[in-house]
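So the structure is just underneath, and the comments pick up after that.
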Amino acid sequence: MLLYNSLTRQKDTFKTAEPGKVKMYTCGPTVYHYAHIGNLRTYIMEDVLEKYLTYSGNEVLRIMNITDVGHLTSDGDTGDDKMLKGAKREHKTVMEIAEYYTNAFFEDCRKLNIKKPECVQPATGCIDDFIRVILSLLEKGYAYEAGGNVYFDTSKLEHYYRFHDFREEDLEVGVREGVESDENKRSKADFVLWFTKSKFDDQELKWDSPWGVGYPGWHIECSCISMKYAGETLDLHCGGIDNVFPHHTNEIAQSEAYLGHEWCPQWFHVLHLNTNSGKMSKSKGEFLTVSLLEEKGYSPMAYRFFCLQSHYRKSLVFTWENLDNAQAAYNKLLARIAPLTQTADTASEEETANLLKAYTEAMDNDLNTAQAVTVLYDILKADASAASKLAAIADIDKTLSLNLIENAKALTQNDTAQDIPEEVLALVEERRNARKEKDFARADAIRDQITALGWTIRETRQGTEITKI
Ligand code: AMP
Ligand code: ZN
């Protein structure tokens, strides 16, 4: 399989240290708020990658951290503590916030068919590991204490900027408008491993350490959690594109300084989901969540389908119109698969394998899910038996996880379309247009008209379900 590698800046053949075994690390969420659908784009694509590696015959160990301490609003160790901000906002403790939003995150994942990784580790459960690694970095001369904090000394590395060739003067890590720079750092690029002195005197979560009572920096979490479960090397490290710098750059710096050898040869980064007005952000307050999509009548599967229709290395623009199109395309796809589910025949292995060739070609070429979706339509058009087509689609859906067969079957079971009067169907269509134009008052009025005619409508994963009262 060819996979784009952010380290080499080219598509590399994906290799593992031990044949058939993949050790995969994915940076997890900072649990101070709900995940927005941009975050979830990254997790959907990582899920597809994990499942495709499994489909290709690998045993995948996937590790994910939960950031419940240390992540400040600027990734460069300044700004406010995100967890503390969340706790203050909701008048709860940091741990209550962490538990609530961790559960909410996995609930969103469940709705989107994102498999929960084998290893999920909250950072607050690994404080001793962080302290051990920081002590070793100090001993080896890669870290220093200043102003009560412990910093990683990036000047000790020959090659700190591993993903890009930044110029030092272009990098103003932590020096943004309204955010003061950290005078303790010997160099702007240095980063915090352990805080004891910060402006957060009311920091709730603090632990004893050789440097005084304090808490870990964000970057050290991922290095230590990875090593705890995967040992001294990883095969694959994943995250959203914003993680490249400083987070992943710092992870490599501290891991390799600690280990004394290369840590992870392959880095997979998912480009962002943006809105028309720019980057999606949890910190801005108003953001798009899976629950909001559901409230508006969209199925989580339509959002997954929307993501899969684009390549992970292209940024993706979210608009309601784009999601409408994805929902409509998903519903149509189900409608075309539905008749195949009625077959009682057995699939031909050879025919199924032939149908799957274009699919594996697409996925082996840098996880081209957009092409894989096209292959689904090609299979529907192909000259092959219904049973073989169905078997091929079921196989593809082990990775795409769009509930294609299950939802297509459900369509055939509640197919009462013939009995619904034209007038009701026309009103349903009119209501759909009203919703598209966000005229929700009108949509509600049409719903009342439909009820008056003796019918109810309900938004389901497959679209609008119309039933007689
Ligand atoms: P966070 O919860 O902020 O730590 O982010 C969780 C994951 O979502 C990280 O891997 C980020 O790189 C990723 N991410 C953040 N914003 C976006 C976005 N707009 N689109 C896609 N991924 C994102
Ligand atoms: Zn990380």
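A few remarks follow.
- The chain - share of DSSP beta bridges that are antiparallel (%, nearest 5): 55 percent
- Label-to-label distance for residue 420 and residue 17 is 5.6 nm, based on points extended 7 Å past Cα in the beta-carbon direction.
- Solvent-accessible surface (1.4 angstrom probe) belonging to residue 363, in square angstrom, nearest 10: 0 Å²
- Averaged over its residues, segment 56-159 has an accessible area of 42 Å² per residue, based on protein heavy atoms and a 1.4 Å probe.
- Computed from the alpha carbon positions, the gyration tensor of segment 181-232 leads to an equivalent ellipsoid with semi-axes of 22, 17, 9 Å, biggest first.
- Nearest-ten-degree value, helix 37-55 long axis tilted from longest Cα axis of the chain: 80 degrees
- Linear extension gain, residue 451 paired with residue 349, 0.36 nm per residue minus alpha-carbon span: 31.8 nm
- Stretching the chain fully between residue 120 and residue 329 yields a gain of 71.8 nm (0.36 nm per residue, less the alpha carbon separation).
- Once both labels are positioned 7 Å from their Cα atoms along Cα-to-Cβ, the gap between residue 386 and residue 156 label points is 6.8 nm.
- Here the spin labels are modelled as points 7 Å beyond Cα on the Cα-Cβ line, and at residue 361 and residue 197 they lie 6.4 nm apart.
- Calculated mean residue ellipticity at 222 nm for the chain: -13500 deg cm²/dmol, from DSSP H runs with n ≥ 4 weighted as -39500 (n - 2.57), summed, divided by the residue count and rounded to 500.
- The order of 304, 432 by accessible area, most exposed first and with a 1.4 Å probe, is 432, 304.
- 3J(HN,Hα) couplings calculated from phi for segment 326-336 with the Karplus curve 6.51 cos²θ - 1.76 cosθ + 1.60 (θ = phi - 60°) are, in sequence order, 5, 4, 5, 5, 5, 4, 5, 4, 4, 4, 7 Hz; Gly and Pro show x.
- Shown are 185, 409, 296, 197, whose ranking by accessible area with a 1.4 Å probe and every protein chain present, most to least, is 197, 409, 296, 185.
- Partner aspartates and glutamates for residue 381 [C-alpha distance under 18 Å; skip if fewer than 8 residues away on the same chain]: 350, 351, 395, 397
- Contact order normalised by residue count of segment 218-269, Cα under 8 Å, 6+ apart, percent: 51 percent
- Alpha-carbon centroid distance for the pair segment 1-67 / segment 232-291, whole angstrom: 11 Å
- Accessible area of segment 181-322 belonging to carbon and sulfur atoms, whole % at 1.4 Å probe: 46 percent
- Partner lysines for residue 21 [C-alpha distance under 29 Å; skip if fewer than 8 residues away on the same chain]: 11, 51, 111, 115, 116, 228, 314, 357, 398
- The phi torsions of segment 131-143, fed into the Karplus equation with coefficients 6.51, -1.76 and 1.60 and a -60° offset, translate into couplings of 4, 4, 5, 5, 4, 5, 5, 5, 4, 7, x, 8, 9 Hz, rounded to whole numbers, with Gly and Pro shown as x.
- For residue 66, distant residues with modelled amide H under 5 Å away: 121, 123
The values are calculated or read from the model by the stated rules, or taken from the named source; none is laboratory data. These numbers come from a predicted model, not from an experiment. Glycine also receives a Cβ, built like all others from the backbone with ideal geometry; neighbour counts cover every protein chain displayed. Note: accessible area is taken over every heavy atom of the protein model, side chains too, but ligands, DNA and RNA are not part of it. Shrake-Rupley method; radii C 1.70, N 1.55, O 1.52, S 1.80 Å.
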